[in-house]
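Structure first, commentary second.
The values are calculated or read from the model by the stated rules, or taken from the named source; none is laboratory data. Bear in mind the structure is a predicted one, so any value in this text is a computation, not a measurement. Here the Cβ positions follow ideal geometry from the backbone for every residue, glycine too, while neighbour counts run over all protein chains shown. Quick note on the areas: whole protein, heavy atoms, side chains included, nothing else; ligands and nucleic acids left out. Shrake-Rupley method; radii C 1.70, N 1.55, O 1.52, S 1.80 Å.
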Amino acid sequence: MQETHTPVLVVGGGLGGVAATLTAARLGRRVVLTEETDWLGGQLTSQAVPPDENPWIESRYASSSYRRLRQGVREYYRRNYPLRASVAAQRLLNPGLGVVSGLCHEPRAALAVIEEMLAPYRTSGLVTVLLRHTPVAVEVTGDRVEAVTFTRPDGTELVVAADYVVDATELGDLLPLAGVEHVIGAEGVADTGEPHAAPVANPLDQQAVSWCFPLEYRPGEDHTIDRPAGYDYWSTQRAPFWPGSQLSWTDVEPIDLSVRSRGLFHDNGHIPGKHDLWHFRRIVAAEQYEPGTISHDVTLVNWPQIDYWDRPLIGPGADREAALAGARDLSLSFLYWMQTEAGYPGLRPRPDLVGTEDGLAKAVYVREARRIKAEFTVLEQHVGVQARGPLAGSEVFADAVGIGSYRIDLHPSTSGRTYVDVDCYPFQIPLGALLPQRVDNLLPAGKNIGTTHVTNGCYRLHPVEWSIGEAVGALAVQALAADLPPRKIRADPARLADFQRTLTDTLGVTLAWSREIRTTPCGRQPAVPQLVED
C-alpha cells in the first residue's frame, strides 16, 4: 500500500471536481484529483450530456472560468475542424446546432479543453491527476477526515492523506464512508414544508438515471445491434404513470403531464429542428462543415425513453450493479427498437465518440446523489415561484458564493412518481449549503450539497455544479490560510466578506443577479442567449 499527502484532495473528476481543482491550484495550493473513469468532465464528457444552461450564460452572469471552458470548446473546433468560414466566424458558434443549448458539442471536445486548462498546473506540480482510482475507505478522527483509500487499476491501494477533502463524486460516495450525516431520496412534506415535497419521506424516491449514447443516421444501411437480453421486458413493461411502453415515441410533457408524441425527425407537423428528438441534443451538424469532410449528423440520445426508474442506485437494499445493468439494457433496447420496429436500421452507434465498445457513454448520467445535512438547506420556499409568490424573486443570501438558474426539474422516480417540473427564480448558492453540520474538513462539490430532493432539481446542472466546485476550491484554500474551519469563516462577517472578495475580484465569480433577472421566472426567460452586461 502506497501513501501520500496533499493539502487538498478532490475525489471525483466531474465538473465540480475539475472546478475545485483548478481554483485551488490557481490560488497556489497543491491538489490531488482522482477520478473513477479514464475521462475528466463528468456529465459533460464521460456521461455525454451536452450542457443545459440559462440564457445569460454567455455574459458576466457566468464565472470567468466557466466562460473560459465554453470559449475553449469553440476555439477547439475553430482550430481543429473543417468548419465553413462563415460558421467559424460566428461569435456564438454552436458546433452541433442542438436546441437544448447554445453549445452542443462532442464529449471529447470538452475533455480536450479541460486537459488544456489543467495542463500548466500539472506541469508545475500543483495538480496531480489520478484516473481510474476508486475510493473504498475513509479514515476519520473525530470531526476530521484524515485520509482516503483508493483502489488502483492494478489492484493495489493508495492512501491519500489531506488537510481538506472535497467529495465531488457523482453519488456522494465519501459521505457514508466517512460517516458524514446525509439524506438519501425524498424528504417528506412534514420535514421541509415544501409544496412539492413527497407526502412522506422515502429514501428510495430517487430521480431516474440515463445511460446516454451518440447516434448518426445512414439511410439505406443496416447497423442493427444484437437484440438486448432484456428487450422483451422493456417492450412490455408499463409504468403506471407512463402512457405505454418506453420503447415508443410517446412520452409525457414534464410540466403538465399531458401525453405527447415526438418523432425522430419530426413532431406532429411542427417545424423540423425545433420539436423533434434528433435536433434536441444534436452534437454534430454536418451542414456546418466544408463539403466532403463531415457528412453525417450525430445526435446525443438523452431522451425520456431511456430514463431508468426500475431500481435506485443507492439507499437501503439498493443493488447498484443491478441498477446500472438495467439502465444499460434499457438504452440498448431503445436503440434496437428504433432500428427494428420503428424502421430506422440506418441508425449507427458511435462508440468512437465516447471511448467505449458498446457505444454507450463511459458512465451513467446521475441526476441525484446523497446530500449532506448542511448548516443551511435550500428549500423550495427559497427559490420556487409558487412557494414564494409572483414577482417575489429568489431568496437573497448574505453568504452567496455563486449563482445559477434552472427549473425545478425532477425526472420520474424509482418510487413510481412521475415528473415534478415547476418554475423557479434564478438563484444564489449559499455557503451554508456547502458545509456539513459536523465534519470540519470535508466539502461537497456536486449534487451532494445541502439541497432537498426538490431543490436538487434546479441545482444539479452543469454551470451550477461548476460554480459549487469553484466556491469549494477557494474555500479550502481560504480555510488553510486562516487555519480555521470553513464554518468559522462563514460565521465571521469580516472573514466572509474577505472570502467573497476573493471569489469576485480574484476569480471573477458573480454572486448576485440583477433584480430584474432574479424576479423573472425561468419559464418566462428569453429563449436566445442574452449578452446583457449591466
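For the range 479-494 versus the range 198-238, the inter-centroid distance based on Cα atoms is 46 Å.
Computed in the context of the full set of protein chains, the accessible area of the range 232-351 at 1.4 Å probe radius has 52% of its extent on carbon or sulfur.
Just to be sure I follow the definition: excluding the sites themselves, where is the longest run in the chain that has none of the GluC sites (Glu not before Pro) in a DSSP loop with at most 16 other Cβ atoms within 10 Å?
Working: sites that count: E181, E221, E341, E357, E533.
Longest site-free region, per DSSP loop and neighbour criteria: 1-180.
Angle, helix 107-124 long axis vs. longest principal axis of the chain, Cα atoms, 0 to 90°, nearest 10? Here the helix axis deviates by roughly 30 degrees.
Loop-located chymotrypsin sites (Phe, Trp or Tyr not before Pro) in the range 405-458 (DSSP state not H, G, I, E or B) with no more than 11 neighbouring Cβ atoms inside 10 Å do not occur.
What you get for the chain, charging only the Cβ of Lys and Arg (+1) and of Asp and Glu (-1), is a dipole of about 1080 debye around the Cα centre. Bridgeable aspartates and glutamates around K488 (alpha carbons under 12 Å apart, same-chain partners fewer than 8 residues away excluded): E375, D440.
In the context of the full set of protein chains, the range 158-273 has a per residue accessible area of 43 Å² (1.4 Å probe).
For the range 104-164 versus the range 429-475, the inter-centroid distance based on Cα atoms is 19 Å. Near D498, once Lys and Arg are set to +1 and Asp and Glu to -1 for all other residues with Cβ below 11 Å from its Cβ, the sum equals 0.
Around V509, under 13 Å between beta carbons, what's the net of Lys plus Arg minus Asp minus Glu among the other residues? With Lys, Arg at +1 and Asp, Glu at -1, the net is +3. In sequence order, the range 58-68 has phi-based couplings of 7, 10, 5, 7, 10, 5, 4, 6, 5, 5, 5 Hz under the Karplus curve 6.51 cos²θ - 1.76 cosθ + 1.60, θ = phi - 60°, and Gly or Pro positions carry x.
Rounded to the nearest 500, the 222 nm mean residue ellipticity of the chain from helices alone is -7500 deg cm²/dmol, with -39,500 (n - 2.57) taken per DSSP H run of at least 4 residues. How far, in degrees from 0 to 90, does helix 15-26 lean away from the longest principal axis of the Cα atoms of the chain, to the nearest 10? With both axes taken from Cα atoms, the answer is about 40 degrees. Each Cα pair under 8 Å and six or more residues apart adds its separation to the average, and for the range 138-186 the resulting relative contact order is 28 percent. Restriction of the trypsin sites (Lys or Arg not before Pro) in the range 24-113 to DSSP coil positions whose beta-carbon has at most 11 other beta-carbons within 10 angstrom yields R91. For the range 398-416 versus the range 344-389, the inter-centroid distance based on Cα atoms is 11 Å.
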